[in-house]
C-alpha cells in the first residue's frame, strides 16, 4: 500500500471519528468502531487484541490503545505523565525490535499522526487524535506521545522553561486528560445529569467534586459528577451544594428569590432532593469525603 493511500486513510479515519463522536463529545464502543469504511470496504481502526494497530502492508502504526481499568487495578502497561507534561506510551514487552515496537518507531521517524483509543469503560473508548511520537526513551521502554502540542517546541533532552512547561501541561490536560475524564464520568452516569437526569451528552459536563488543581482533586470517577451545564455552573459557584449523603441543597438566598421558571424548576425545585442518577458500580459513586470537603465550602459561601 502506497504512502499516499495510507495518508488518505488516516485523514478519512479521523474525519469519520470526528463525526461519529459528535466532534469529540461522545465515546465509542469497540463494536461501533467496526463501522468505519474506506473506499467501500470495512477497515479495522483498532487492533482486536494488541494495543498497537499496524495494518498488513503498512510502513507504520495506525493507532495505539490504552485499556480501561477501574481505579485500584493496574493496566497491563502503565502509561504515565512525564515531568515535561507529555505522556509516555510503553513498548509492547521489552524487546525493542518486536514488530509492534518497530511499527511505533516507524511512525515516530515518519512523523505520521496516530489515533489513540483511550479506554473509558469496558470495551468503550475515547479517541484522541492526532497524536505524534516525539522520541523514544530506551531505558524506560517507552515512547513520548504528543497530542499535537509540542512537536516544534520541545527537543529531546531539553530543559523546559517554566512558562513553556506550564503551557505544554495545560494543553495536554485539555486535549487528553480532560476529554478522557469527561468520557469516563459520563459513561458511569449513563450520559445523564446527576441532578436533573438530562440525557443530552452535548449539554453535559464532567464536574470535579474537588477541583483537580487541589491535592484531593484526583482524576477518578469518584471525584466526578455528570452535570448539565447549568447545574455544573451552579455547583462551581456554590449556588448548588451536595451533602455527603447525596442530597442537593440550594443556597438559602435563592430559595426565596423570584426570577422565572428556570430558577424555580432548574434550581429551587432541586432543593432537598437526592441525586437522581448515580453510577451502578459502587467504586464509581461520589466519594462522601470529597463531597464533604466541597459542601463545607458551599456552606461558607452561603
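The values are calculated or read from the model by the stated rules, or taken from the named source; none is laboratory data. All of these numbers come straight from a predicted model, not from anything done at the bench. Note that each Cβ is placed from the backbone with ideal geometry, even for glycine, and that neighbours are counted across all protein chains shown.
Observations
- Some residue of region 44-51 being at pLDDT below 95 and either farther than 16 Å from residue 117 by Cα or in contact with a strand residue (DSSP E or B) (Cβ under 6 Å, 6 or more places away or on another chain) (or both): yes
- Restricting 166, 175, 105, 92 to residues that are closer than 26 Å to residue 212 by Cα and surrounded by 15 or more Cβ atoms within 10 Å (Cβ to Cβ) narrows the list to 175.
- In region 234-249, the condition of being part of a helix (DSSP H, G or I), surrounded by fewer than 15 Cβ atoms within 10 Å (Cβ to Cβ), in contact with a strand residue (DSSP E or B) (Cβ under 8 Å, 6 or more places away or on another chain) and free of Cβ contacts under 8 Å to residues at least 60 places away in the same chain is met by no residue.
- Out of 194, 219, one residue alone is surrounded by 22 or more Cβ atoms within 10 Å (Cβ to Cβ) and in contact (Cβ under 8 Å) with a residue 40 or more places away in the chain. It is 194.
- Only one of 159, 170, 151 that is assigned by TED's automatic domain parsing to the domain that holds residue 25, part of a helix (DSSP H, G or I) and farther than 29 Å from residue 246 by Cα: 170
- Picking from residues in region 52-70 that are exposed (fewer than 14 other Cβ atoms within 10 Å of the Cβ) and under 25 Å from residue 122 (Cβ atoms), the one that is modelled with the lowest pLDDT is 70.
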